[in-house]
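S.K.: The structure's right below; bear with me while I get my questions together.
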Amino acid sequence: MSKIYRFTCIVCPLGCYVEAELEGENLKIQGCKCPRGEEWVRSEIFEPKRVLMSVIKVKNGVYPVVSVKTDRPVPKDRISQIMRFLSNLEISAPVKIGQVIVENVLDTGANIVATKDVEKK
Amino acid sequence: MIYDTVVIGGGPAGLAASIKAREEGLNVLLLDEKDYLGGILPQCIHPGFGLHYFKEDLTGPEFAHRLIEKLEDMGVEKRLTATVLDITVEGDKKKVKYVSPEGLESVATKSIIYASGARERHRFELGIVGDRVAGIFTAGEAQTLMDIYGVMPGKEVVIVGSGDVGLIMARRFALEGARVKAVVELMPYPGGLARNIVQCLQDFSIPLYLSHRVLEIRGRKRVEGVKIAKVDDNLESLPGTEFDMPCDTVIISAGLIPRIKLLKKLGVEMDANTGGPMVDENLETSISGIFVAGNALLINDLVDYVVEQGEIAALSAKKYVEGSLQPSRRIRIRAEGNLRFVVPQYVSGKRDVILYGRVKKPQEGAIFKFREIGEERRYPVVKPSEMFKIKLRVERIPSNIRELTLEVK
Ligand SMILES: Cc1cc2nc3c(=O)[nH]c(=O)nc-3n(C[C@H](O)[C@H](O)[C@H](O)COP(=O)(O)OP(=O)(O)OC[C@H]3O[C@@H](n4cnc5c(N)ncnc54)[C@H](O)[C@@H]3O)c2cc1C
């Protein structure tokens, strides 16, 4: 039994329409115009990942939240767990851009990093 | 005291212009009405910024931070919470009037770089009728609430418009645990990039309603729902297709319009296709010494282009102040066929120029043709969601020409 996947490739703005057929371990990809696209399709099927962004509460800051991101893509199926984890977090000002706020968040191998400064009130 | 240049707006266009102008030795003043610099960047917390300019994939706040750090290092003079109210021109001198918590102030300057960004279209411009209730936001308002101030605008959301801004907001809401019930798009194709359809909608199973229109917003104090209908090829609602969708929040994400009120008041020549002023290759308006960059000039989808325009405007201001700026409103460039606009609208024909443009409709196998000189270029795909850049080489421009038509077919 084979399984058919259909994608719009998101690697570049061309947005190729791709069909992939998975039979056991064997993956046949059609419609990709470049190897980067094929690589992406492979990871979309076997382990889709995304960079995640959100905000985290800040105590005593000039702003009440600081924007953050994961410093590398995390598995798609872990995103909602990570979001829940982040929503319960609160850190104290000052926060510096690039500061690691959570190391290896929920064992995904990715750090949560601040993407802006928030000074102390 | 007279400034060499006053930069109006501290978004990426204004920041890049101020930095470049200072580097070129100009005496610069930067004004912004907000209490922070960066324009809309600090509220765009997703990645996707700076792939061209910094060769890195940064988030909006990170991109802004890099420019702001440079600005501070260079010691550019700036005033925040300073809203510019008026510009007056007296000969080759200009006056900029602004209000800040310290009161009303007026400064004199030789040149102006206008980088005020864009404003968002609101529901009444889309003809959405119904109740005036709480729970209706533009995408930018919702983004500011969530990502600068940490306030969730609502729980059950309908988004009007499928441009990249709308798609990105759909994902932000979904990530924060809201239920995004629909993204509603009038056109038969999505406004945003294919990649954003995948990673913003499909990732979260958010339904996209193409060829649909939100007719009406209903509610007592807060939004309680919207009425949606299908539209035909002429974008008219089809009778009998209306349905109600309950929700507590409506996000209007239906495009940006250059914020050019002050330029209009001055009588600057405008382009109905871009909604911004007509400029030449120096990004100079029809009033000499007033330059425009960023979303005030045309709606850009990439911050990299915005920064590029800021830098061009600064270099032109420097030449203007020195008295060496060559007037270049000589050849009028016109857009035809499947081409919504092209900027700059005038060129001198004396040097290579980068033209920015946007098509009206998605098209495969598009041919770009400069009609009067017969030069052609082919693109495999063009989409309204992606601005294009095209280089016009000076040796291709005949010297006797007064008009040049760029046609997409
Ligand atoms: C939701 C969203 C997502 C985006 N995503 C991306 C992306 O992934 N990648 C990318 O490259 N680009 C993206 N962009 C585009 C990019 O952010 C913009 O092109 C860019 O910010 C425009 O810069 P600007 O300086 O022209 O305007 P703005 O950033 O809007 O700055 C204008 C500034 O002028 C100030 N101002 C206006 N009028 C006055 C006045 N009268 N007096 C004083 N100050 C004034 C305003 O306060 C503001 O700070 C996105 C845009 C949006 C809205």
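S.K.: Can you tell which of B:367, B:19, B:312 shows the greatest fluctuation in a Gaussian network model of chain B with Cα springs below 10 Å?
M.R.: The residue with the greatest mean-square fluctuation here is B:367.
S.K.: Here is the link list: B:55/B:361; A:57/A:120; B:20/B:389; A:96/A:120; B:264/B:389. Which ones come out longer than 20 Å on Cα distance?
M.R.: Working: B:55/B:361 30 Å; A:57/A:120 13 Å; B:20/B:389 22 Å; A:96/A:120 11 Å; B:264/B:389 27 Å.
Over 20 Å apart, Cα to Cα: B:55/B:361; B:20/B:389; B:264/B:389.
S.K.: Can you give the translational diffusion coefficient of the protein assembly as shown in µm²/s, computed by Stokes-Einstein from the Kirkwood radius over Cα pairs at 20 °C and 1.002 mPa s?
M.R.: On the way: Rh = 24.8 Å.
Rounded to a whole number, D works out at 86 µm²/s.
S.K.: Counting only other chains, what is the mean number of Cβ atoms within 10 angstrom of the Cβ of each residue in peptide A:60-69? Please list the in-between numbers first.
M.R.: Numbers: counts 0, 0, 2, 6, 4, 7, 4, 13, 3, 7.
Shielding by partners across A:60-69 averages 5.
S.K.: Right, next: Determine ³J(HN,Hα), in whole Hz, for all residues of region B:277-282 in sequence, where each value follows from phi through the Karplus function 6.51 cos²θ - 1.76 cosθ + 1.60 and θ = phi - 60°; x replaces Gly and Pro.
M.R.: Residue by residue, region B:277-282 yields x, 7, 10, 9, 5, 8 Hz.
S.K.: Sticking with this structure for a sec: Averaging sequence separations of C-alpha pairs under 8 Å and six or more residues apart, then dividing by the length of chain B, give the relative contact order as a whole percent.
M.R.: After rounding, I find 15 percent.
S.K.: For chain A, calculate the relative contact order in percent as a whole number, restricting contacts to Cα pairs under 8 Å that are 6 or more residues apart.
M.R.: The value is 20 percent.
S.K.: Would you calculate the volume per residue, in Å³, of the smallest convex hull containing every Cα atom of chain A? Don't skip to the answer; put the middle values down first.
M.R.: Details: hull volume 14.3 nm³, N = 121.
Cα convex hull per residue, to the nearest whole number: 118 Å³.
S.K.: Just list whichever of B:383/B:409; A:28/B:383; B:261/B:350 have alpha carbons separated by over 22 Å in the model shown. Working shown, then result.
M.R.: Numbers: B:383/B:409 13 Å; A:28/B:383 29 Å; B:261/B:350 32 Å.
Pairs exceeding 22 Å: A:28/B:383; B:261/B:350.
S.K.: For region B:90-99, just list the computed ³J(HN,Hα) in residue order, Karplus coefficients 6.51, -1.76 and 1.60, θ = phi - 60°, integers in Hz, with x standing in for Gly and Pro.
M.R.: 10, x, 9, 9, 10, 10, 10, 9, 9, 10
S.K.: Let me ask something additional. Once you sort the root eigenvalues of the Cα gyration tensor of chain B as a ≥ b ≥ c, which label holds: rounded (a/c under 1.5), prolate (a/b larger than b/c) or oblate (the other case)? Let's see the in-between values first.
M.R.: Working: a/c = 1.95, a/b = 1.32, b/c = 1.47.
Oblate.
S.K.: Now for a separate question. Based on DSSP H runs of at least 4 residues, each adding -39500 (n - 2.57), what is the mean residue ellipticity at 222 nm of chain B after dividing by all its residues, to the nearest 500 deg cm²/dmol? The partial results should precede the final answer.
M.R.: Values: 6 runs with 73 residues, N = 409.
So the helix-based figure for chain B works out to -5500 deg cm²/dmol.
S.K.: In nm, to one decimal, how far is the modelled label at residue B:83 from the one at residue B:210, with both set 7 Å along Cα→Cβ?
M.R.: 4.2
S.K.: Can I ask one more? Quick one: among B:274, B:241, B:83, which has the greatest mean-square fluctuation in a GNM of chain B with alpha-carbon springs under 10 angstrom?
M.R.: Taking springs between Cα atoms under 10 Å, the residue moving most is B:241.
S.K.: Using the Karplus curve 6.51 cos²θ - 1.76 cosθ + 1.60 with θ = phi - 60°, work out ³J(HN,Hα) for each residue of region A:55-67 in order, rounded to whole Hz, and write x for Gly and Pro.
M.R.: For region A:55-67, the Karplus-derived couplings read 10, 10, 5, 10, 8, 6, x, 5, 10, x, 9, 10, 7 Hz, x marking Gly and Pro.
S.K.: Can you tell me the 0 to 90 degree angle between the C-alpha axis of helix B:60-73 and the longest principal axis of chain B, rounded to 10?
M.R.: Here the helix axis deviates by roughly 30 degrees.
S.K.: Return, ordered by residue number, the residues of region B:356-400 whose backbone nitrogen is under 18 Å from a label point located 7 Å along Cα→Cβ of residue B:330.
M.R.: What the label zone holds, given the 18 Å backbone N cut-off, is B:372-373, B:392-400.
S.K.: Restricting things to alpha carbons, find the Rg to Rh ratio for region B:1-99 using the Kirkwood radius for Rh. Working shown, then result.
M.R.: On the way: Rg = 14.4 Å, Rh = 14.2 Å.
On the Cα set of region B:1-99, Rg over Rh gives 1.01.
S.K.: Another one. Cross-link partners among aspartates and glutamates for residue B:391, C-alpha distance below 18 Å, same-chain residues fewer than 8 apart left out?
M.R.: B:280, B:281, B:304, B:308, B:311, B:336, B:352, B:372, B:375, B:376, B:403, B:407
S.K.: Using +1 on the beta carbon of Lys and Arg, -1 on that of Asp and Glu, and nothing else charged, what's the dipole of region B:102-148 about the Cα centre, debye to 20? Don't skip to the answer; put the middle values down first.
M.R.: Values: 5 positive and 7 negative charges, 44 e Å.
Dipole of region B:102-148, to the nearest 20 debye: 220 debye.
S.K.: Sort B:58-64, B:118-124, B:299-305 by packing, meaning the average of other beta carbons within 10 Å per residue, with the highest value first. Present the calculation step by step, with values, prior to reporting the outcome.
M.R.: On the way: B:58-64: 26.1, B:118-124: 16.9, B:299-305: 21.3.
Top to bottom by mean Cβ count within 10 Å: B:58-64, B:299-305, B:118-124.
S.K.: Pull up all non-local amide H partners of residue B:130: gap of 5 or more, or a different chain, and H-to-H distance under 5 Å with H placed in the peptide plane.
M.R.: Sorted by chain and number, the residues that satisfy this are B:217.
S.K.: If amide H atoms are built 1.01 Å from N in the plane of the peptide, which residues on other chains or at least 5 residues away come under 5 Å of the amide H of residue B:334?
M.R.: Placed amide hydrogens put B:404, B:405, B:406 under 5 Å from residue B:334.
S.K.: Then there is this: Would you mind putting B:96-103, B:212-219, A:63-70 in packing order, based on average other-beta-carbon counts within 10 Å, highest first? Write out the running numbers ahead of the final one.
M.R.: On the way: B:96-103: 14.2, B:212-219: 20.5, A:63-70: 23.9.
Peptide ranking by packing, descending: A:63-70, B:212-219, B:96-103.
S.K.: Once you order the gyration tensor axes a ≥ b ≥ c over the Cα atoms, which shape class does region B:122-254 get: rounded for a/c under 1.5, otherwise prolate or oblate by comparing a/b with b/c? Provide the component values of the computation, followed by the final result.
M.R.: Values: a/c = 1.76, a/b = 1.15, b/c = 1.53.
Oblate, because a/c is 1.5 or more while a/b does not exceed b/c.
S.K.: Classify region A:53-114 as rounded, prolate or oblate, taking a ≥ b ≥ c as the square roots of the eigenvalues of its Cα gyration tensor: rounded when a/c is under 1.5, otherwise prolate if a/b is larger than b/c and oblate if not. Provide the component values of the computation, followed by the final result.
M.R.: Details: a/c = 2.39, a/b = 1.73, b/c = 1.38.
Judged from the Cα gyration tensor, region A:53-114 comes out prolate (a/c at least 1.5, a/b above b/c).
No lab work stands behind these numbers, since they all come straight from the coordinates. Every value quoted in this text rests on a predicted model; they were computed, and no experiment measured them. Cβ coordinates were reconstructed from backbone atoms using ideal geometry, including for glycine residues, and neighbour counts include every protein chain displayed.
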